[in-house]
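**Student:** Sending over a structure as structure tokens; questions will come in a sec.
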Amino acid sequence: MTDPETLSVTIVDGYVDEPAHFGVPPYISTYPRYTAGALVDAGVPREGITYHTIDGLRDEPDRWRDVDETDLLIYLGGMTVPGKYVGGTPAEPDEVRKLAWTASGTSLMGGPVKFGVGEENAGATETERQDLDFDFVAKGDVEAAVHDLVESGLEGFNNRMRDIDEVSRWAQEGAFIVEQHPNHPEYLIAELETSRGCAYRCSFCTEPLYGNPTFRPPPSVVGEVDALSDLGVRHFRIGRQADILAYGGDGEAPNPDALRSLYGGIREVAPDLETLHLDNMNPITIVEWPEKSREGIRIIAEHNTPGDTAAFGLESADPLVQEENNLNVTAKECFEAVKIVNEEAGWRPGGPRDPKPADHASAAEDAPTRLPKLLPGINLLHGLKGEREETYQRNLDFLHRVYDEGYMLRRVNIRQVMSFDGTEMSDTGAEIANDHKKLFKRYKQQVRKEIDNPMLARVAPRGTVLPDVHLEYHQDGKTFGRQLGTYPLLVGIPGERPLGETTDIAVVDHGYRSVTGVPYPLDLNAASMDELTTIPGIGDSTAGDIVVNRPYESVADAEFGGEVDIEGFATARPLEHAD
């Protein structure tokens, strides 16, 4: 019988990406935190628990010693909706097997990896359930399995789901593990769970495998935020739920009072938070209960931080695909939901639609342009049953209608399906997705050019200020970074700047999925040639004249020529003279 007080445990985070749960850096998912809390609850001392990310093991091979020598190895991971990632690279199946082979002690695997493993983390992939050579696979909740395994002296456990009391306790007791994350504290965003499961049964989705929605009450979530905030976490995303508007209700209808308690409580215990975003919002909820939804959306926009995104699972604008895959919202209904979110939460802080008037009229006029508080994002999934060439055109028509009628989308997410046992798509697999790969690639490029680029210019017009952009990597003489948040904009900045720092950026140009920016405010008495020529309308000659004619007492003193307007994000600081 293994004594929990003497047990050494190593948790390896291979990252997760599920329909309603994200954990690729700079995110940390709920799994390692709840697992650490379950270990402590079972009697394992905090000092006996070591946490590594899969990237940490890749970067520092000496850390594999913790995998080899631990009494209990716990692997957490699984990608059911894989995408492209900047902050980390999810574990591939061969790496997970290596973990099991390296571990000399007991090994357990859990998380969405239980739903299936493909040859790689990519769309248009078929999966199958595998143990990847681990001693145990948690087929229920991994945190419950870990708790019961430790209590049994590492002899075994019954697969089960944890209850609300357990998750409330484990979420707070396991918060300490964030201090071992390599991004802690400045560049880490904690994914928060409000509920699991879904009231609907779309053919491809793994979220219904968790059952019908079950909700954590506001004090449970707020207590977790309080514990994380005490450990230096300042960035949060309420992302672990199928539909934020349904929080605290019957699983379908909105409950604005519950949202008010949740958001208000978070703001009360974490008054210095820097990011409060969400992820999923079901458009059918907005259409079926428009007034309650409008109230809920207003509550969210009152408490969140700018740049927030409500992901809408339209998946397909083709009625045939909708019918064959049990999709719950039509293109017409989704458009109405897009309209309502734009109306209630598409305002910019300090802008003309800000419901909180500035203390002084001039304050609003002088406020920099910020991203809107909350916008919808559209998810489109390809390779579903019934998909045809017409499907692609219907999706394009829907997106064009949104743009042409003047509304905003924060982003359009296009991917190909992965099939998992237990979902209706398991019979179809990736056959349709593979047959349509060429069509998919051409269509995706069309969306990027015709929709993403002009939409991005509407959402983040020139001069929009993005505070606290974290600088992540260099490429082609530029520095690229992102804010912390849900679906953050990728920003390219001229020159190679020190990585790991943060800086405020003003948007000056737009790509398909990214923007070009310059430091905010841009000091004309110090700006480099590269920074000046990045601004559309300022060529090498004009930039050279600006540099030669320094110093300036004001931006208006500089000669730009044409119709270049940078006064909204530029300044002319007095030069410092030596004594």
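**Student:** Which pairs have Cβ atoms under 6 Å, sit 6 or more apart or on different chains, and link a residue in the range 200-220 that is more than 16 Å from ASP141 (Cα to Cα) to one that is part of a helix (DSSP H, G or I)?
**Tutor:** ARG201/PRO208; SER203/GLU424; SER203/MET425; PHE204/MET425; PRO218/SER261; PRO218/LEU262; PRO218/GLY265; SER220/SER168
**Student:** Which of the residues that make up the range 154-180 are open to solvent by less than 10 Å² (accessible area, probe 1.4 Å) and in a loop (DSSP other than H, G, I, E, B)?
**Tutor:** Within the range 154-180, GLY174 is the sole residue that qualifies.
**Student:** Being among the acidic types (Asp, Glu) and buried (at least 19 other Cβ atoms within 10 Å of the Cβ), is that true of even one residue in the range 204-217?
**Tutor:** Yes, that holds for at least one residue.
**Student:** Restricted to the range 516-531, and to residues that are outside any loop (DSSP other than H, G, I, E, B) and under 31 Å from the mean Cα position of the chain (by Cα), which residue is surrounded by the most Cβ atoms within 10 Å (Cβ to Cβ)? Give the steps one after another, and end with the answer.
**Tutor:** Here is the first cut: in the range 516-531, the residues outside any loop (DSSP other than H, G, I, E, B) are 516-519, 522-523, 529-531.
Subsequent filtering for residues that are under 31 Å from the mean Cα position of the chain (by Cα) retains 516-519, 522, 531.
Values: THR516: 19, GLY517: 29, VAL518: 25, PRO519: 20, LEU522: 22, GLU531: 21.
It comes out as GLY517.
**Student:** Name the single residue, out of those in the range 16-57 being at pLDDT 95 or above and either part of a strand (DSSP E or B) or in the same structural domain as PRO208 (by the TED database) (or both), that is nearest to GLY223 (Cα to Cα).
**Tutor:** This residue is ILE28.
**Student:** Now for a different question. Which ones in the range 236-271 are farther than 22 Å from PRO19 by Cβ, free of Cβ contacts under 8 Å to residues at least 40 places away in the same chain and open to solvent by 30 Å² or more (accessible area, probe 1.4 Å)?
**Tutor:** ASP257, ARG260, ARG267, PRO271
**Student:** Inspect all residues belonging to the range 402-411 and state whether any of them is over 26 Å from the mean Cα position of the chain (by Cα) and either under 28 Å from ASN304 (Cβ atoms) or modelled with pLDDT of 95 or more (or both).
**Tutor:** Within the range 402-411, one or more residues are over 26 Å from the mean Cα position of the chain (by Cα) and either under 28 Å from ASN304 (Cβ atoms) or modelled with pLDDT of 95 or more (or both).
**Student:** Output the strands (runs of 3 or more DSSP E) that fall wholly within the range 453-507 and possess 3 or more residues being touching a strand residue (DSSP E or B) at 6+ places or on another chain (Cβ under 9 Å) and open to solvent by less than 10 Å² (accessible area, probe 1.4 Å), or say none.
**Tutor:** Ranges flagged: 465-475, 490-494.
**Student:** Also: Filter the range 172-194 down to residues that are among the small types (Gly, Ala, Ser) and closer than 15 Å to GLU47 by Cα, then give me how many there are.
**Tutor:** Number satisfying all stated conditions: 2.
**Student:** May I ask you to verify whether ILE297 is among the β-branched types (Val, Ile, Thr) and under 17 Å from LEU374 (Cα atoms)?
**Tutor:** The answer is yes for ILE297.
The values are calculated or read from the model by the stated rules, or taken from the named source; none is laboratory data. None of these values were measured; they are calculated from a predicted model. Cβ: placed from backbone, ideal geometry, glycine included. Neighbour counts: every protein chain shown. Please note that ligands, DNA and RNA were not included when accessible areas were found on the heavy atoms of the full protein model with its side chains. Shrake-Rupley method; radii C 1.70, N 1.55, O 1.52, S 1.80 Å.
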